[in-house]
1. I'd like the full set of residues that are within 13 Å of the ligand (Cβ to nearest atom) and open to solvent by 10 Å² or more (accessible area, probe 1.4 Å), limited to the range 88-131.
2. Could you tell me whether any residue of the range 330-337 is surrounded by fewer than 16 Cβ atoms within 10 Å (Cβ to Cβ), away from the ligand (no atom under 16 Å from the Cβ) and over 25 Å from residue 34 (Cβ atoms)?
3. Filter the range 276-293 for residues that are open to solvent by less than 30 Å² (accessible area, probe 1.4 Å) and in contact with a strand residue (DSSP E or B) (Cβ under 6 Å, 6 or more places away or on another chain) and give the result.
4. Select from the range 222-240 the residues that are open to solvent by less than 10 Å² (accessible area, probe 1.4 Å) and among the hydroxyl-bearing types (Ser, Thr, Tyr) and list them in ascending order.
5. Which of the residues that make up the range 222-260 are touching a residue at least 24 places away in the same chain (Cβ under 8 Å), part of a helix (DSSP H, G or I) and out of contact with any Leu (no Cβ under 8 Å at 6 or more places or on another chain)?
6. Output yes when any residue across the range 268-275 is more than 16 Å from the ligand (Cβ to nearest atom) and buried (at least 19 other Cβ atoms within 10 Å of the Cβ), and no when none is.
7. Does the range 191-210 contain any residue that is more than 15 Å from residue 226 (Cβ to Cβ), within 16 Å of the ligand (Cβ to nearest atom) and either in contact (Cβ under 8 Å) with a residue 24 or more places away in the chain or assigned to a helix (DSSP H, G or I) (or both)?
8. Has the range 247-265 got at least one residue that is among the aliphatic types (A, V, I, L, M), within 15 Å of the ligand (Cβ to nearest atom) and surrounded by fewer than 21 Cβ atoms within 10 Å (Cβ to Cβ)?
Amino acid sequence: MKYFRIPVVGLLGATLLLTGIQAASAHEAPGGAQAPLRTLADRADLRIGTAVDMAALADDTTYRRTTGREFNSVTAENVMKWEVVEPARGTYDWSGADALVRFARDRGQVVRGHTLVWHSQLPGWLTSGVADGSIDAAELRGILRKHVTTEVKRYRGQIQQWDVVNEVFEEDGSLRDSIWLQKLGLSYIADAFRWAHAADPKAKLFLNDYNVEGINAKSTAYYDLAKRLRAEGVPVQGFGAQGHLAIQYGFPGDVAANLDRFAKLGMQTAFTEVDVRMILPVDEEKPATQAAYFRGLLDACLGTRSCKSFTVWGFTDKYSWVPGVFEGQGAATLMDEGFGVKPAWGAVREGLAAGR
Ligand code: G3I
């Protein structure tokens, strides 16, 4: 996967944005005398969330404690994905997803469901069946319907927002050539939303993608799709911008205006997977720029009532997906590998404290 962003020179002066931010010093423990992020977020009527790595949650006490203390929303980083929940056809493994939902309930957190229809992390039995022709289009549609219905029903009433379809457009706004599009045609998107809504009428149903924070060809493709589907009565209720940024590509343009146009369609919005990576090594300036990027997205979210949640894709570099995918890049989260807070933590804290 390639994340690419056009630099927007001067749009977001890191130093400008950081003016007034009491950047927390590295290795200062979060919490302590300070109110947790979730307390500040509650006051701002916002869900502050994190993706959760279930292995870390089980094995790492500091990780587990911080997840519970600081966040009022959680997303499964992997355990609700199809390859995990149905590793063999008709054989389900809900252990990880159940554990996360339980963890959240015990701590008064909401859950973002991630993700029902995606081109990635599909079970092998499904992709090989489609490839060798043993699963034809009609059967595939039935399989997709069963998957969406089974998973959404299982957690009915316990998921605040579902990422129903994930990453369906290319950068130029053309539809991604996934097995879903190839075999089922465009109607799979509306179908998935309708099936999910029937299975849990209260969950807010989201489109979700990366590189759609600002106004560009890809986010405009989502806007046009959402507008059309809503006009047809399809229950598309939310637009999620993942927020995987990189400081070397600049801050995206028109983020607030982008959220606003979805809000005008009557939709909720959210940042769903925020992290801000950099080319390693970390130096004196990069953490301040990173902090400004986190704050820029957060402020855009706080600036519109449509934006209900701001989720980071992991809060510590110890478990971040970034270095494994982008060679030579990392340090993308709010805390370093030893759970020391970075300037970005202070920036998010200050932003939440300032409120809407
Ligand atoms: O579970 C297996 C484990 O059994 C095995 O030993 C290990 C060996 O590599 O792999 C484990 O699976 C890995 C899985 O993460 C769980 O750790 C996969 O290889 C690895 O590909 C997978 O990566 C995830 C990635 O999605 C897959 O595309 C990342 O953790 C996860 O952060 C990332 O999240 C995505 C969002 O869902 C959608 N948006 C982009 C975002 C970042 O890529």
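The values are calculated or read from the model by the stated rules, or taken from the named source; none is laboratory data. Nothing here was measured: the structure is a model prediction, and the numbers come from that model. Because the Cβ atoms are built from the backbone with ideal geometry, glycine has one as well, and the counts that use them run over all protein chains shown. Quick note on the areas: whole protein, heavy atoms, side chains included, nothing else; ligands and nucleic acids left out. Shrake-Rupley method; radii C 1.70, N 1.55, O 1.52, S 1.80 Å.
1. Step one: list which residues in the range 88-131 are within 13 Å of the ligand (Cβ to nearest atom), which gives 93, 95-96, 112-124.
Scanning the range 88-131 gives 93, 95, 96, 118, 119, 120, 121, 122, 124.
2. Taking the range 330-337 and keeping what is surrounded by fewer than 16 Cβ atoms within 10 Å (Cβ to Cβ), we get 337.
Now narrow it down to the ones that are away from the ligand (no atom under 16 Å from the Cβ): 337.
Pick out the ones that are also over 25 Å from residue 34 (Cβ atoms) and you get none.
Checked against the condition, which is being surrounded by fewer than 16 Cβ atoms within 10 Å (Cβ to Cβ), away from the ligand (no atom under 16 Å from the Cβ) and over 25 Å from residue 34 (Cβ atoms), the range 330-337 yields no hits at all.
3. From the range 276-293, those open to solvent by less than 30 Å² (accessible area, probe 1.4 Å) are 276-278, 287, 290-293; that's our starting set.
Matches in the range 276-293: 276, 277, 290, 293.
4. 222
5. To start, the set of residues in the range 222-260 that are touching a residue at least 24 places away in the same chain (Cβ under 8 Å) comprises 222-223, 225-227, 229-230, 232, 234-260.
Narrowing the set further to residues that are part of a helix (DSSP H, G or I) leaves 222-223, 225-227, 229-230, 247-249, 255-260.
Correct list: 229, 247, 248, 249, 256, 257, 258, 259, 260.
6. Filtering the range 268-275 for residues more than 16 Å from the ligand (Cβ to nearest atom) gives 268-269.
So of that shortlist, the ones also buried (at least 19 other Cβ atoms within 10 Å of the Cβ) come out as 268-269.
Yes, the conditions are met somewhere in the range 268-275.
7. yes
8. Looking through the range 247-265, none of the residues is among the aliphatic types (A, V, I, L, M), within 15 Å of the ligand (Cβ to nearest atom) and surrounded by fewer than 21 Cβ atoms within 10 Å (Cβ to Cβ).
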